[in-house]
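Values in this text are rule-based calculations from the coordinates and carry no lab data. In this text, all values refer to a predicted model and were calculated from it rather than measured experimentally. FYI the Cβ positions are ideal-geometry reconstructions off the backbone, even for glycines, and counts take in every protein chain you see.
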Amino acid sequence: MSSAMTPQEIVSELDAHIIGQQAAKRAVAIALRNRWRRQQVEPKLRPEITPKNILMIGPTGVGKTEIARRLAKLAHAPFIKVEATKFTEVGYVGKDVDSIIRDLADIAIKQQRELEMAKVRVRAEDAAEERILDALVPPPRSEGFGFNAEDRPADSAARQVFRKKLRQGELDDKEIELDLAAASPQLEVMTPAGMEEMAEQLRGMFSQLGAGKKKARKLKIGEARKLLIDEEAAKLLNEDEVKQQALHNAEQNGIVFIDEIDKVTSRSDGANAGEVSRQGVQRDLLPLVEGTTVSTKYGAIKTDHILFIASGAFHLSKPSDLLPELQGRLPIRVELQSLTVADFEAILSQTHASLVRQYQALLATEGVQLAFTPDGITRLAQIAHEVNERTENIGARRLATVMEHLLDEVSFDATRLEGQTVTIDAAYVDARLGALSQNEDLSRYIL
């Protein structure tokens, strides 16, 4: 399932959502293309070619997570983002690093099941339609060992009438009673550290308890149709094949994004001495990144060919503070730059789903048109950049705070402004944000 896109095409796609950071985009584009290249290599050599994991270094809000997330979408690959700070060394209370791969397996199964259900959707829709028609127009009762021959044409004609109405949506608000599959009970099993595999097996065993049970429910046809399609599609799936394909996809194409990796480094000043061993988390991450086998409830997953992308701001530490062995497992390092005023402008005006477009679409639902002038966008970008420079630099996330305060009045009074056009120019921005951005104490707490 690896993408056959060229590195140039991958970077071009990423450019539609992320401004700047060309070095990081090139690195992930090459990593993704190398997966496709590996599939073309002769089978004997293929297992020896492992992915070159990436370490992204840069302040918050500059696009590290977004690059990884968009890359996974382009590759149609199972993707999971985790925070390194959520994990503890094996033996301590907290999540162990193997749960990363177990969660990745869950995502891969869900992704594969959705893909397979889409393939059988047409057949599932037909089966769902027949079940609804059976509830609306019950089949004629049999006499002896067969149906009454005189009832067949009338029944067929009635079904055709209802079938036509059903397809045209005329019956969507009508209530019917159907026997639907009952939801299986969800049971949380708590086990000591190191016994997660047993917990998964117990969960799997208890989840089978209610399998196959039906429950009568009264629903509107429109809602019932969706549930029936999902139920019928699930019947058409071969669960063993779904599981096998999903595990293969997770092993060969999975992407794990480990954020805040700098927070589990041990600084040389000894400030972390009293905390749960951060180096222990790094040591536990080592086998995952290097290549090991993790047991999941679906089966064993080898991590040899999973791509790991780690990221961190490294304000209080350096990449060299990571364990030497872990540094060696993250051979490609890319530094992401802080955002400039021009970057902020581009984020507001050039990205595919920019904040400007989002707010325009939201307020258009109430009949209010927002018109942003070029000088208004420039002033917004300048204020966001100034506040980042004077207070905490949170990157592009500052734009969301600034925009929310800028459009606070318009959003609140939208119902009274119906049919009007609100022009956002530099004067409008200064009137609402100018004083606030200049006052460092206020901007620290409000912007």
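Remark on the stretch 341-446: ratio of C-alpha radius of gyration to 2.2 N^0.38 Å is 1.04. Evaluated on the stretch 302-375, the Kirkwood hydrodynamic radius is 16.7 Å, with distances taken between all distinct Cα atoms. Each of S311, S266 has some number of other Cβ atoms within 10 Å of its Cβ, and from fewest to most they run S266, S311.
Using 0.36 nm per residue and subtracting the Cα-Cα separation, the extra length available between K95 and I30 on full extension is 20.2 nm.
The gain in end-to-end length when the Q350 to H248 segment is fully stretched comes to 33.0 nm, 0.36 nm per residue minus the alpha carbon separation. In the structure shown, do any of K174/K226; K52/K81; K64/K86; K44/K73 have a Cα-Cα gap over 21 Å, and if so which? Those over the limit are K44/K73. The modelled label-to-label distance between E239 and L227, using points 7 Å beyond Cα along the C-beta direction, is 2.1 nm. Taking 25 Å as R0, compute the FRET efficiency from the Cβ-Cβ separation of E260 and Q360 and round it to 0.05. That pair, E260 with Q360, gives E of 0.15. In terms of other Cβ atoms within 10 Å, M56, M403 run from fewest to most in the order M403, M56.
Listed from fewest to most Cβ neighbours within 10 Å, the set E418, E231 follows the order E418, E231. Placing a label point 7 Å from the Cα of T340 along the Cα-to-Cβ direction, the residues of the stretch 16-45 with a backbone N closer than 17 Å are 19-24. Protection proxy ranking of 333-345, 314-326, 60-72, by the mean of other Cβ atoms within 10 Å over each peptide's residues and highest first, is 60-72, 333-345, 314-326. When the convex hull of the Cα atoms of the stretch 1-71 is projected onto a plane and the area is averaged over all directions, what value comes out in nm²? One quarter of the hull surface, i.e. the mean projection, equals 5.0 nm².
You can think of it this way: the chain between S12 and D179 has 55.2 nm of extra reach, that is 0.36 nm per residue less the Cα-Cα gap.
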